[in-house]
Every structure is written in C-alpha cells, then in structure tokens.
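What follows is a short report on a single structure.
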Amino acid sequence: MLKIGIIDGQGGGIGSTVIRRLKERIGETAEIIALGTNAIATAKMLKAKANRGASGENAIIQTVKQVDVIVGTISIVMAQSMMGEVTPEIAVAVASSSAKKILLPLTQEDIEIVGVSTAPLPQLIDTLLDKHLKNV
C-alpha cells in the first residue's frame, strides 16, 4: 500500500485540507500519515481522517524515510520556515528522502518563486490530486 506523508505546522489547516480532499478521492487505497511540526497541527490532520500521525522533529525525520510520497508546502524544505517550526534537520530530512516530493508553492517566508502561479489553495489541491496523485 502506498504511504503518503502530509507535513504541516502551525495550525495544520493546509495539511488537513489536503487530507480531507485526498480521502474523498482515494478512500483507503493509500495510507495517509499526518506529520505535524507540533501537536495542534497533527491533531487537526488526524481529525481530517489521516490513518495515523506523529508530531515533532524526530517523528518527521524518521517517518520521511519510510513514506513513498511527501506532500506539503515548499516551506518544508526551508530551514527555519513556518516561524521556526521547520528545523534545519527537518528540511534536510525531507529534501534527502527518497520519497517523491509534491510541494505546494505557498510560503509565509520572504521568498518568491519565479514562474509559479498564484492560484488559490483549492485550485492548487485540485492540481495536486489531478496531476500528481491521479494514479493513487
């Protein structure tokens, strides 16, 4: 069974939205693992029906080694992003993971990615599901 790790922090809103939409689309054909940088984010993603979840730096570092796909905002590969919740160790672990990474071009950091559309989150999630996770 395909394992998909959803990484989010702060309030977990983006991760829970992705999980909810993914569950609607694929049901139980993949295992969805909520990986929160904090317990609040993890709890919100579990409420969105992730199969299981864990919080914190070590949980994320260990779990990204075991999943097939990682989904999150581009911030998950930027050290000190999400108001410092993404530690350098988390960013390296995610970037170094052999899992396929599907990153949403959203960030609160002072970074602009040239050539990326400014589509709203629901449209980005549709693209994520339709183009990048269509075979799940």
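The values are calculated or read from the model by the stated rules, or taken from the named source; none is laboratory data. The shown structure was predicted, so the numbers you read here are calculated from the model rather than taken from an experiment. A quick note on method: Cβ atoms are made from the backbone with ideal geometry, for glycine too, and the neighbour counts reach across all protein chains shown.
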Residue within region 11-33 that is in contact with a strand residue (DSSP E or B) (Cβ under 8 Å, 6 or more places away or on another chain), farther than 20 Å from residue 89 by Cβ, in contact (Cβ under 8 Å) with a residue 40 or more places away in the chain and of a type outside the set (A, V, I, L, M) present: yes
Qualifying residue in region 70-87 (condition: touching a strand residue (DSSP E or B) at 6+ places or on another chain (Cβ under 8 Å), over 13 Å from residue 15 (Cα atoms), acidic (Asp, Glu) and outside any helix (DSSP H, G or I)): no
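When region 89-136 is examined, which residues are found to be assigned to a loop (DSSP other than H, G, I, E, B) and among the basic types (Lys, Arg)? Before the answer, list the steps.
Residues of region 89-136 assigned to a loop (DSSP other than H, G, I, E, B): 97-99, 105-120, 133-136.
If the condition is that a residue be assigned to a loop (DSSP other than H, G, I, E, B) and among the basic types (Lys, Arg), then 134 is the only one that fits.
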Search result, residues across region 19-33 that are buried (at least 23 other Cβ atoms within 10 Å of the Cβ) and at pLDDT 95 or above: 19, 32, 33
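Out of all the residues in region 58-69, which are touching a strand residue (DSSP E or B) at 6+ places or on another chain (Cβ under 9 Å) and assigned to a helix (DSSP H, G or I)?
Going residue by residue through region 58-69, those that are touching a strand residue (DSSP E or B) at 6+ places or on another chain (Cβ under 9 Å) are 59-60, 62-64, 66-69.
Selection gives 59, 60, 62, 63.
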Of the criteria (1) at pLDDT below 95; (2) closer than 17 Å to residue 5 by Cα; (3) among the aliphatic types (A, V, I, L, M), which one residue 93 fails: (1)
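Checking the structure you have, find out if any residue of region 29-46 is at positive phi and either outside any helix (DSSP H, G or I) or of a type in the set (Asp, Glu) (or both).
no
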Counted residues, region 82-108 - those being exposed (fewer than 14 other Cβ atoms within 10 Å of the Cβ), free of Cβ contacts under 8 Å to residues at least 40 places away in the same chain and either aromatic (Phe, Trp, Tyr) or over 16 Å from residue 67 (Cα atoms) (or both): 4
Subset of region 107-136 [of a type in the set (A, V, I, L, M, F, W, C) and under 23 Å from residue 24 (Cα atoms)]: 119, 121, 124, 125, 128, 129, 133, 136
Test set (1) at pLDDT below 85; (2) surrounded by fewer than 18 Cβ atoms within 10 Å (Cβ to Cβ) - residue 128 fails condition number: (2)
Subset of region 34-49 [out of contact with any helix residue (DSSP H, G or I) (no Cβ under 6 Å at 6 or more places or on another chain) and either surrounded by 24 or more Cβ atoms within 10 Å (Cβ to Cβ) or not charged (D, E, K, R) (or both)]: 37, 38, 39, 40, 41, 42, 43, 46
Among (1) touching a Pro at 6+ places or on another chain (Cβ under 7 Å); (2) touching a residue at least 40 places away in the same chain (Cβ under 8 Å), the one test that residue 116 misses: (2)
